[in-house]
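What follows is calculated from the coordinates using simple rules that are stated; it is not laboratory data. Given the structure is predicted, the values throughout are model-derived calculations rather than measurements. Using ideal geometry, Cβ is built from the backbone for each residue, glycine included, and neighbour counts are taken over all protein chains shown.
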Amino acid sequence: MSSLLQILNRIMVLAQNTLREAVRNRLLYNLLFFAVLMIVSSILLAELHLGHSDRIYRDVGLSAIAGFGSLIAIFVGIGLLSREIDQKTVYIVLSKPIGRWEFLAGKFVGLAGVLMVQVVAMGACFLGVLWLQGAEITGGLFQAIGLIYTELVLLTALALFFSTFTTSYLAGMFTLAFWVVGHLLMDLRTFGAHSEVESLRLLTESLYWTLPNLDRLDLKAEAAAGLTSQGVHVVTALAYAACYSLGLLLAAASLFRRRDFH
């Protein structure tokens, strides 16, 4: 029990250091500023559009939280780990009685904490705009925001995975590509299903079941329409993201353990 507590303590110390590093990152504040600006601009967009103003508030606000949150998860997450490696501060950390998997776990927990603060801040601004404009605040909005945060955590795990074996530039491009493809898997599967080429059907079906399917975590359209999803769907989506994130972290730890820093 004491050894487990020591491991958890080391991970939390690393997570706190990661949180402090992220707070000093200017990119984080720039992205947060533009996200808030986009949420507030939904008021102007609704004024220019005739009817359905409540839906515009919800749609623009949720899209801003998801879009800018994803950029924070990808580029801030990759930047923190890559900076440790490029500036060789990772040597100092790993020279201490800290396992490499503990180092990655600490980074992941710290980044998840940063994302939670960002999502809460953007979500509060978003709900504040809805309240000021007299728009209805439904339970589906909280479901959508919760799954947006879950998607960001999964993206963080994906970014850490790529950062363990490639450069920061390539890791960013790979993660960004997986983010885009993750929201197109259903369309790709449908396209493959209607194709007469057997190999294309097998390829699209394989991609659908192996790549992270981010559409499972996307409830923005339903929430924007004022709908609330069934609890079973939300729980299933959370379980899917948790299992996929865990698999990515285990793979990242395996790769990071074999990486030569000398």
Distance in nm between pseudo-label sites at ARG83 and TRP209 (7 Å out along the Cβ direction from Cα): 4.2
Candidate lysines for bridging to LYS107, where Cα separation is under 18 Å - those fewer than 8 sequence places away on the same chain excluded: LYS88, LYS96
Degrees between helix 77-86 axis and first principal axis of the chain (Cα, 0 to 90, nearest 10): 20
Potential extension, LEU132-HIS233 segment - 0.36 nm per residue separation minus Cα distance: 33.3 nm
Rel. contact order, % - alpha carbon contacts under 8 angstrom, at least six apart, region 86-215: 18
Stretch gain in nm, segment CYS243-VAL13, where the contour uses 0.36 nm per residue and the Cα spacing is subtracted: 80.3 nm
In degrees, nearest ten, helix 198-210 long axis to first principal axis of the chain (Cα): 70
Packing rank of 143-153, 113-123, where each peptide gets the mean count of other beta carbons within 10 Å, highest leading: 143-153, 113-123
Most fluctuating residue given options LEU104, LEU155, LEU250, as computed from a GNM of the chain linking Cα atoms under 10 Å: LEU250
The chain: relative contact order in percent, alpha carbon pairs under 8 Å with at least 6 residues between: 26
Using alpha-carbon coordinates, inclination of helix 168-182 to the longest axis of the chain, degrees: 40
Mean Cβ count within 10 Å, highest first, over the residues of peptides 175-186, 225-236: 175-186, 225-236
Sorted by Cβ neighbour density within 10 Å, fewest at the top, the residues ILE7, ILE56: ILE7, ILE56
Rel. contact order, % - alpha carbon contacts under 8 angstrom, at least six apart, region 1-155: 38
Length released on extending from ASN30 to MET116, taking residue separation times 0.36 nm less the Cα-Cα span: 29.3 nm
Simple label model, 7 Å out from Cα along Cβ direction - LEU202 to ILE98, nm: 4.6
Rg and Dmax [Cα atoms of the chain; Å; Rg one decimal, Dmax integer]: 19.9, 63
